[in-house]
1. DSSP loop (so not H, G, I, E, B), at most 14 other Cβ within 10 Å: list which GluC sites (Glu not before Pro) in region A:18-61 pass both filters.
2. Which net charge results when you count Lys and Arg as +1 and Asp and Glu as -1 among the other residues whose beta-carbon is under 11 Å from that of residue B:22?
3. Find, to one decimal place in angstroms, the Kirkwood hydrodynamic radius of region A:2-91, where the mean of 1/r is taken over every pair of different Cα atoms and then inverted.
4. Can you give the charge dipole size of chain B about its Cα centre, rounded to the nearest 20 debye, using +1 on the beta carbon of Lys and Arg and -1 on the beta carbon of Asp and Glu?
5. Whole-Hz Karplus ³J(HN,Hα) for region A:80-90, in order, using 6.51 cos²θ - 1.76 cosθ + 1.60 and θ = phi - 60°, x for Gly and Pro?
6. Which of rounded, prolate, oblate describes the protein assembly as shown, given a ≥ b ≥ c as roots of the alpha-carbon gyration tensor eigenvalues and a/c under 1.5 marking rounded, otherwise prolate only if a/b is larger than b/c?
7. What whole-number distance in Å separates the alpha-carbon centres of region A:15-81 and region B:20-59?
8. Relative contact order for chain B: what is it in percent, counting Cα pairs under 8 Å that are at least 6 residues apart?
Protein chains: 2
Amino acid sequence: MASDVNINHSEKALELLKADAEKILRLIKVQMDNLTMPQCPLYEEVLDTQMFGLSREIDFAVRLGLLEDKEGKAMIGSLERELSALHEASLKK
Amino acid sequence: MASDVNINHSEKALELLKADAEKILRLIKVQMDNLTMPQCPLYEEVLDTQMFGLSREIDFAVRLGLLEDKEGKAMIGSLERELSALHEASLKK
């Protein structure tokens, strides 16, 4: 059925985005686990760049009609909360 | 037909990517046309960021199976040639 392909693309898009979000989450966790170590000065730059890349992918998927806008916003929102938790933790260190 | 939706998505993806590439091209042209003016120091940063965003969209479309890898590379390649032409021109100014 035509809509199968549509669901297929939407599912695949969501799968790819979740995998990319997971990569960023792992980057955040690595930093969180190594707070006692001298912070790599570029980690915020790396995370910002990755977040920008993911947001462009999400925007692209939404424009393609493969993802609901609110779903994309939820994905970015949860990562941003993790990022600010990391930022807080690194300030308290 | 199932493949109609697939073509539809591919066509739409290509359309979106071409429109985004066009936006970058216009940014380059504006700089090219205003070489005699003091260069906005951030224009290279802006263009780099936009190129990074577009490359992530292209990579996403390729991973989704909506775009041929070589088509994406051709798109980025032609913009990079425009960028180096701009860079050359600004050095000769």
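What follows draws every value from the coordinates through simple rules; no lab data is involved. It should be emphasised that the depicted structure is a prediction, and the values quoted were computed from it without experimental measurement. Positions of Cβ are generated from backbone atoms using ideal geometry, with glycine treated the same way; all protein chains shown enter the neighbour counts.
1. Hits after loop and neighbour filter: nothing returned.
2. Net charge around residue B:22: +2.
3. 14.1
4. In debye, rounded to 20, chain B gives about 220.
5. So the J values, rounded to whole Hz, are 5, 5, 4, 4, 5, 5, 5, 4, 4, 4, 6.
6. Working: a/c = 2.52, a/b = 1.02, b/c = 2.48.
Oblate, because a/c is 1.5 or more while a/b does not exceed b/c.
7. 24
8. Relative contact order here is 41 percent.
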